[in-house]
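**Student:** Structure below; questions to follow.
Nothing in this text is a laboratory measurement; each read-out follows from the coordinates by a stated rule. This structure is a prediction, so every number in the text was calculated from the model and none was measured. Quick reminder, even Gly has a Cβ in these numbers, built from the backbone with ideal geometry, and neighbours come from all protein chains shown.
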């Protein structure tokens, strides 16, 4: 039975952070809403084990969850990633969000394990610009990883590009790149200043929408998150624009899991974190049901407009 929150939103997918470790230090990182916690690269005891992850997935499968996305940090720092994917329930579509550094060597193994889709963070096609944004010199490795993912059959490979002042000038080149190369799609992700604390980096995402509307051969609106998709040449460009967007929040159907085994119903909130204890099946069920029951659309409900048109916390949820 699929669980439905009080706002009529079915939960059909989960997003699981397998680690908060990362070999990049991207300037816009929010680490699944928990803040930038990049630190030692050695595994920590607080990371969920493969058994924990699979036990959680087997439980939420009972509730009709049919999609799982594995994230980090950088999930490919987990040596047991292929094992986790291989053991994921067959009823679930599996996807991965990665910076692509290790894809060149592991793409085939991930496909053999059962991975269905991959998203690769790619904010620029210029090595120097890439290094400035990611604080990494791994540009060539990432490009090799994208190529390996395409060749392994993980198509369409989605490239994730965060759009803000430091990357806006590279958008046109990225759009041209996916338009000219089969097997690629581009996700332009709106910068989220409420999670990173640098509002001066924000840009007007509507300008990007208008530019793509003029450029595209065709466009459509997806049911999920009410996202707009633009078809350009051989590729597709999708804009993910959650900031100050009640329509986006009203179409959210995902629960998130932190690397240490906490559930959260909303990316933008940490006051809704709930631990799953020792992660027994009963504890997972109890916590999952509670998190879904307490899910609230962030914009339009948790955050509401004040008399001056600004966004303020709805007093109904203060202290919840």
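**Student:** Hey, what did the chain get for relative contact order, percent, Cα under 8 Å, at least 6 apart?
**Tutor:** Averaging sequence separation for qualifying contacts and normalising by length gives 19 percent for the chain.
**Student:** Only one of the listed values, [x] 1.15; [y] 1.17; [z] 0.94, was derived from the coordinates as Rg/Rh (Cα atoms, Kirkwood Rh); which label is it?
**Tutor:** Checked against the structure: label [z].
**Student:** Next question. Could you identify which residue out of 53, 208, 171 has the top mean-square fluctuation in a GNM of the chain using Cα springs shorter than 10 Å?
**Tutor:** With Cα springs under 10 Å in the chain, the top fluctuation among 53, 208, 171 is at 208.
**Student:** Then there's this: Given springs between every Cα pair under 10 Å in a Gaussian network model of the chain, which of 160, 202, 99 has the largest fluctuation?
**Tutor:** Maximum among the listed residues: 202.
**Student:** Here is a follow-up. Using only the Cα atoms of segment 132-182, build the gyration tensor, take square roots of its eigenvalues as a ≥ b ≥ c, and label the shape rounded, prolate or oblate: rounded if a/c is under 1.5, else prolate if a/b is larger than b/c, else oblate.
**Tutor:** oblate
**Student:** Compute the Cα gyration tensor for segment 102-232, then decide on rounded, prolate or oblate, letting a ≥ b ≥ c be the square roots of its eigenvalues: rounded whenever a/c is under 1.5, prolate when a/b is larger than b/c in the other cases, and oblate in all that remain.
**Tutor:** The shape class here is oblate.
**Student:** Sticking with this one: If each of residue 282 and residue 61 carries a label point 7 Å out from its Cα toward its Cβ, how far apart are those two points in nm?
**Tutor:** Placing both labels 7 Å along Cα→Cβ, they lie 2.2 nm apart.
**Student:** A further question follows. What's the ranking of 211-219, 279-287, 90-98 by average number of surrounding C-beta atoms within 10 Å, highest first?
**Tutor:** Ranking the peptides 211-219, 279-287, 90-98 by packing returns 90-98, 279-287, 211-219.
**Student:** Still on this model: When the chain is modelled as a GNM with alpha-carbon springs shorter than 10 Å, which of 58, 220, 82 fluctuates the most?
**Tutor:** 220
**Student:** For 226, 259, what's the fewest-to-most ordering of other Cβ within 10 Å of each Cβ?
**Tutor:** Arranged by neighbour count, lowest to highest, 226, 259 become 226, 259.
**Student:** Here's another thing I want to ask about it. Please work out whether segment 209-320 counts as rounded, prolate or oblate from its C-alpha gyration tensor, where a ≥ b ≥ c are the square roots of the eigenvalues and a/c under 1.5 means rounded, while otherwise a/b larger than b/c means prolate and anything else oblate?
**Tutor:** Oblate, because a/c is 1.5 or more while a/b does not exceed b/c.
**Student:** Next question, about the same structure. How many angstrom lie between the C-alpha centres of segment 185-229 and segment 275-310?
**Tutor:** The two parts, judged by their Cα centres, are 25 Å apart.
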